[in-house]
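A.B. asks: Sending over a structure as structure tokens; questions will come in a sec.
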Amino acid sequence: MEMLTPNVYVETKIRGCNPSIVFTTEGSVFIDTAQLVSPLLNMREFAKEKGPIKYLINTEGHIDHIFGNHWFAGESIVVGHEKLNELFWTVAGDSDCYDYSVDIIKRQDKEALHLMPSRDEYIVNRPQITFNDHMTIKLGNHTFELYHTPGHSPSQLCVYVPKERVAFVGDTLFSECQMWLHSAEIGPLLKTLDFLETLDVDWFVPGHGSVVAKEFIHEQRAFIYEWIAEVAKGIQKDWSLEECIKNISFADRFPVDIGQEEMMAYIQRTNVIKCYNYLTKK
């Protein structure tokens, strides 16, 4: 894991989201979990060498953020937004979540396949503590401010750690990789970007891609507007939704995040659909 500050470690170079750890004087806090078993267990061991893992905070309910919750069951308190169950343990498309996870491990972490529990033994491990708009967690010498930041998903949240001048924002931000709008509400997402700009931070840890400074928010907002503008042009030409899907793509702009290359067509299609529905009020 990369040391962002003396107390904050992040992992941005594996498949799935960017799991992070914040160390305090009374234990650590995980923010999201790895989607591969080997890195996840290594991160847990690294954290436990310095003390107990007190909390696991899920920034959303998509599988790449919550897959590893199983390995924290009965050990750490899981925290999330009250709407987390709306998308908890879901994947793109119609795949069965368990089979989807096993397939990923077979292809990208096969040495750890024997560590994957059976379907009956796997614990989804939903949050034990939830909140509505804002919640504060105090642990040791750190304060964690949790804010509901809807947009990418209804349960999206931001974890702001003032002492470290860092905020963990999940899939509200995608750095140097394709942005997924498949579950997004465009209006709330833009408002959330406005809110993030008010935080006094040096670093934002996105859901995917490298850590960024506050200036990156302008870039993310601009890319969303590019998507909207291209779909708006298609609507102006009287293109149907399917014609917009056929003719509009930003596949050449960024790669898909690590290990998910096969999802490019899905991302382009669903991003067009979300922007089309936003513009036509559907």
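A.B. asks: What is the log10 of I(q)/I(0) for the range 2-214, computed with the Debye formula using one identical point scatterer on each Cα and no solvent, at q = 0.11, 0.16, 0.18 Å⁻¹?
C.D. replies: -0.47, -1.05, -1.38
A.B. asks: Shifting gears a bit: Over the range 2-214, what is the mean sequence separation of C-alpha contacts under 8 Å (at least six apart), divided by residue count, expressed as relative contact order in percent?
C.D. replies: It comes to 18 percent, rounded to a whole number.
A.B. asks: Considering only DSSP beta bridges with both partners in the chain, what is the antiparallel share in %, to the nearest 5?
C.D. replies: 60 percent
A.B. asks: Report the net charge of residues surrounding Gly234, where surrounding means a beta-carbon distance below 12 angstrom and charges are Lys +1, Arg +1, Asp -1, Glu -1.
C.D. replies: With Lys, Arg at +1 and Asp, Glu at -1, the neighbours total -1.
A.B. asks: How charged is the neighbourhood of Arg107? Take every other residue with its Cβ under 14 Å from the Cβ of Arg107, and add Lys/Arg as +1 and Asp/Glu as -1. Intermediate values should be presented prior to the final figure.
C.D. replies: Numbers: positive: Arg15, Lys106, Lys110; negative: Asp99, Asp103, Asp109, Glu111, Glu261, Glu262.
With Lys, Arg at +1 and Asp, Glu at -1, the neighbours total -3.
A.B. asks: Quick one: of Lys83/Lys281; Lys237/Lys281; Lys138/Lys191; Lys106/Lys191; Lys110/Lys163; Lys50/Lys83, which pairs are farther than 29 Å apart, Cα to Cα?
C.D. replies: Numbers: Lys83/Lys281 23 Å; Lys237/Lys281 18 Å; Lys138/Lys191 27 Å; Lys106/Lys191 39 Å; Lys110/Lys163 39 Å; Lys50/Lys83 32 Å.
From Lys83/Lys281; Lys237/Lys281; Lys138/Lys191; Lys106/Lys191; Lys110/Lys163; Lys50/Lys83, over 29 Å: Lys106/Lys191; Lys110/Lys163; Lys50/Lys83.
A.B. asks: Here's something else I'd like to know. Using only Cα atoms, tell me the angle between helix 216-236 and the longest principal axis of the chain; keep it within 0 to 90° and round to the nearest 10.
C.D. replies: 30 degrees
A.B. asks: Continuing with the same structure: Could you tell me which GluC sites (Glu not before Pro) in the range 198-237 are loop residues by DSSP with no more than 13 other beta carbons within 10 angstrom of their beta carbon?
C.D. replies: Values: sites: Glu215, Glu219, Glu226, Glu230; in loops: Glu215.
Filter output for the range 198-237: Glu215.
A.B. asks: Rounding to the nearest 10 and keeping the result within 0 to 90°, find how far the Cα-based axis of helix 97-108 lies from the longest principal axis of the chain.
C.D. replies: Compared with the principal axis, the helix lies near 80 degrees.
A.B. asks: If you don't mind, there's one more thing I want to ask. Under unit Cβ charges (Lys, Arg +1; Asp, Glu -1), what dipole magnitude, rounded to 20 debye, does the range 71-190 have relative to its Cα centre? Spell out each step's value before the answer.
C.D. replies: On the way: 9 positive and 17 negative charges, 74 e Å.
Rounded to the nearest 20 debye, it is 360 debye.
A.B. asks: How far is it, in nm, from the label point at Leu115 to the one at Asp252 when both lie 7 Å from their Cα along the line to the Cβ?
C.D. replies: Distance between label points: 4.2 nm.
A.B. asks: Computed FRET efficiency, Cβ-Cβ of Glu197 and Glu243, R0 51 Å: what is it to the nearest 0.05?
C.D. replies: After rounding, the FRET efficiency stands at 0.90.
A.B. asks: Still on this structure, please answer the following. Tell me the mean residue ellipticity at 222 nm calculated for the chain from its helices only (DSSP H runs of n ≥ 4, each -39500 (n - 2.57), averaged over every residue, nearest 500).
C.D. replies: Mean residue ellipticity at 222 nm (helix-derived): -9000 deg cm²/dmol.
Any read-out appearing in this document is the output of simple, stated calculations on the displayed coordinates, not a laboratory observation. Fair warning: this is a prediction, and the values are worked out from it, not measured in the lab. Backbone-built Cβ (ideal geometry, glycine too); neighbour counts: all protein chains shown.
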